[in-house]
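Report on one structure; see the data block that follows.
The values are calculated or read from the model by the stated rules, or taken from the named source; none is laboratory data. For clarity, every value in this text was computed on a predicted model and none was experimentally measured. FYI the Cβ positions are ideal-geometry reconstructions off the backbone, even for glycines, and counts take in every protein chain you see. Heavy atoms of the whole protein, side chains included, go into the accessibility calculation; ligands, DNA and RNA do not. Shrake-Rupley method; radii C 1.70, N 1.55, O 1.52, S 1.80 Å.
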Amino acid sequence: MPAQEMTIGRLVAPGDLGCVVMAHGEIDDSEFDGDAGFEALVAKIVGDYAASHDASREAAWIGERDGRRAGCVFCVAADEQTAQLRILLVDPNARGAGLGGRLVDECLSFARVAGYKRMKLWTNHPLIAARQIYLSRGFSLTGEEPHHSFGADLIGQVYELDL
């Protein structure tokens, strides 16, 4: 089998944003059997980004494998000093090749160059592989709170990293 080509760090282009929402909805449904609430949250994040992002302080990337979209991550402003990593996703067919970590690294690098002092993110406890990526990059768990969202009982987690 030929080696698969992985591309990291391509900024979003026309057509990508709708695919980000669709991929999150499909993967959430297949892996977590949730309701449409998570896809609606992703659609809001993507819509807000599309409508008003500041390109000097916010960006979104698509990871590709063999020329096909295989993942994404967004970096948006939480406040003047804090960037927020949002909606990291790696397609199940591209997992295990380091794509998620490379997308997070791209996001961190951008946040540093943009002048942020820290980065934070919010996730949920079942996302073990993502948590391992965050911890391996130096993020620390700073808060947890149980909630019922997306059709499930979850523990929301906040991770932060000084840049």
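Treating only the Cβ of Lys, Arg, Asp and Glu as charged (+1, +1, -1, -1), what charge dipole size does the chain show about its Cα centre? Round to the nearest 20 debye. Each step should come with its number before you reach the end.
On the way: 15 positive and 24 negative charges, 129 e Å.
Using only the charged Cβ atoms, the result is roughly 620 debye.
Here's the picture: charge each Lys and Arg Cβ at +1 and each Asp and Glu Cβ at -1 in the range 24-163, and of Leu135, Leu89, Leu154 the one pushed furthest to the positive end of that dipole is Leu135. With point charges of +1 on the Cβ of Lys and Arg and -1 on the Cβ of Asp and Glu, referenced to the Cα centre of the chain, which listed residue (Cys19, Ala43, Ala55) lies farthest in the positive direction of the dipole? The residue sitting most towards the positive pole is Ala55.
When ligands, DNA and RNA are left out and all protein chains stay put, how many square angstrom of accessible area per residue does the range 83-163 have with a 1.4 Å probe? Please report the intermediate quantities before stating the final value.
Values: 4110 Å² over 81 residues.
Accessible surface, normalised per residue, equals 51 Å².
Show that you can apply the helix-only estimate: for the chain, add -39,500 (n - 2.57) for every DSSP H stretch of four or more residues, divide by all residues, and state [θ] at 222 nm to the nearest 500. The partial results should precede the final answer.
Values: 4 runs with 57 residues, N = 163.
Using -39500 (n - 2.57) per qualifying helix, the result is -11500 deg cm²/dmol.
Expressed as a whole percent, the accessible surface of the chain that belongs to carbon and sulfur atoms is 52, based on a 1.4 Å probe.
Let me know the charge dipole size of the range 8-94 about its Cα centre in debye, to the nearest 20, where only the beta-carbon of Lys, Arg (+1) and Asp, Glu (-1) is charged.
On the way: 7 positive and 16 negative charges, 79 e Å.
With only Lys, Arg, Asp and Glu charged at Cβ, the dipole is about 380 debye.
If you take all other residues with their beta carbon under 15 Å from the beta carbon of Phe139, and give Lys and Arg +1 and Asp and Glu -1, the sum is +3.
Computed on the range 75-163, with alpha-carbon pairs under 8 angstrom and 6+ residues apart, the relative contact order is 29 percent.
In terms of its C-alpha gyration tensor, the range 106-163 comes out prolate, because a/c is 1.5 or above and the ratio a/b outweighs b/c.
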